[in-house]
Amino acid sequence: QNPPPGTAIEPTELEISQGFAKGPNPDPLPKLFQPLKVRGLLAKNRIWLSPMCMYSAQDGFATDFHLSHYSQFAMRGAGLVMVEATGVLPEGRISPNCLGIWKDDHIDGLRRIVNHMHKYGTIAAIQIGHGGRKGSTIPLQL
């Protein structure tokens with residue numbers, strides 16, 4: 001990756017004159033923007049996105065919505081993006097529209113998201129979930 005993770009990009013004179021930056025970056029960068037190593041995993045910074053249930057899957061399959069939703073955080077520089085609670089069994093989903101990974105066919109859609117995040121140096125993570133006794137695949141009727 002160019003520049004490597006944790007490298008500050010200095011603002012241009014134009015950006016400073018227009019008020020987008022106050023001046024050169026501090027050295028060293030604040031901890032938030034420094035790389036973080038956890039065992040064998042190196043995140044480019046400490047900006048990590050926690051999982052958010054989006055309830056937009058179709059039979060557990062990731063859609064274009066998921067690709068654009070998660071990719072936006074990678075494109076903006078997040079160090080790690082955690083994909084929403086992903087059901088290991090269809091009966092254990094929180095809702096009928098939760099992501100799933102209970103069958104091999106789900107992998108391609110998730111792989112597409114992961115590959116896109118990796119283009120930006122972002123670590124992709126997944127929250128594996130099962131709703132337990134409160135799991136529901138019956139649509140909410142209002």
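The values are calculated or read from the model by the stated rules, or taken from the named source; none is laboratory data. Keep in mind that what you see is a predicted model, and the values were worked out from it rather than measured. Here Cβ is always computed from backbone atoms with ideal geometry, including for glycine, and neighbour counts include all displayed protein chains. Note: accessible area is taken over every heavy atom of the protein model, side chains too, but ligands, DNA and RNA are not part of it. Shrake-Rupley method; radii C 1.70, N 1.55, O 1.52, S 1.80 Å.
Quick one: length gained pulling Ile107 to Glu10 fully straight, 0.36 nm per residue minus the C-alpha distance?
Value of the extension gain: 31.0 nm.
Return the long-range amide H neighbours of Arg93 (sequence gap of 5 or more, or a different chain), with a cut-off of under 5 Å between placed amide H atoms.
Gly131, Ser136
Keeping every protein chain present and rolling a 1.4 Å probe, give me the accessible area per residue for the chain in Å².
66
How much net charge surrounds Gly131 when only the other residues with a Cβ under 12 Å from the Cβ of Gly131 are counted, with Lys and Arg +1 and Asp and Glu -1?
Combined, the nearby Lys, Arg, Asp and Glu give +2.
Listed highest first by mean packing, meaning other Cβ atoms within 10 Å per residue, what order do 107-119, 29-41 come in?
Most protected by this proxy first, the peptides run 107-119, 29-41.
Given the options Gly92, Gly79, Gly132, state which has the largest fluctuation in a GNM of the chain using a 10 Å cut-off (strictly under) for Cα springs.
Checking each option, the largest mean-square fluctuation is seen for Gly132.
Can you list which of the GluC sites (Glu not before Pro) found in region 14-118 are DSSP loop residues with at most 11 other C-beta atoms within 10 Å?
The qualifying sites: there are none.
Amide H of Leu49 versus every other amide H placed in the peptide plane: which residues, excluding those fewer than 5 positions away on the same chain, fall under 5 Å?
Leu80, Val81, Met82
So if each residue of separation counts as 0.36 nm, and I subtract the Cα-Cα distance between Lys22 and Tyr55, what length gain in nm does that give? Mind dumping the intermediate values first?
Numbers: separation 33, 0.36 × 33 = 11.88 nm, distance 4.09 nm.
The Lys22-Tyr55 span can extend by a further 7.8 nm.
Which net charge results for the neighbourhood of Gln72, defined as the other residues with beta-carbon distances under 14 angstrom from its beta-carbon, given Lys and Arg at +1 and Asp and Glu at -1?
Here the charged neighbours net out to +1.
Step through the residues of region 69-81 one at a time and calculate ³J(HN,Hα) from phi using the Karplus curve (6.51 cos²θ - 1.76 cosθ + 1.60, θ = phi - 60°), rounding each to whole Hz and writing x for Gly and Pro.
Taking θ as phi minus 60°, the curve returns 4, 6, 5, 4, 6, 5, 5, 8, x, 4, x, 8, 10 Hz for region 69-81.
HN-Hα J couplings of region 8-16 from phi, Karplus 6.51/-1.76/1.60, θ = phi - 60°, integer Hz, Gly and Pro as x?
Once θ is set to phi - 60°, the couplings for region 8-16 become 6, 9, 5, x, 7, 4, 5, 4, 5 Hz.
Set Lys and Arg Cβ to +1 and Asp and Glu Cβ to -1, take the dipole of the chain about its Cα centre, and tell me which of Trp102, Trp48, Gly132 lies farthest positive.
The listed residue farthest towards the positive side: Gly132.
Considering the Cα positions of the chain, please state its Rg to one decimal place and its Dmax as a whole number of Å.
18.8, 59
Please enumerate, by chain and number, the lysines with C-alpha under 30 Å from the C-alpha of Lys31, excluding those fewer than 8 residues away in the same chain.
Output for Lys31: Lys22, Lys44, Lys119.
Can you sort Trp48, Trp102 by solvent-accessible area, 1.4 Å probe, largest first?
Details: Trp48 115, Trp102 60 Å².
Sorted by accessible area, descending: Trp48, Trp102.
Residues with amide H under 5 Å of Gln34's amide H, sequence separation 5 or more or different chain, H placed in the peptide plane at 1.01 Å from N; which?
Amide H neighbours of Gln34: Arg46.
Read phi for every residue in region 106-111 and hand back ³J(HN,Hα) as whole Hz from Karplus 6.51 cos²θ - 1.76 cosθ + 1.60, θ = phi - 60°, with x for Gly and Pro.
6, 4, 4, x, 5, 4
Roughly how many percent of the accessible protein surface of region 1-120 is carbon and sulfur, given a 1.4 Å probe and a whole-percent answer? Provide the component values of the computation, followed by the final result.
Values: 4330 of 7560 Å².
Carbon and sulfur together cover 57 percent of it.
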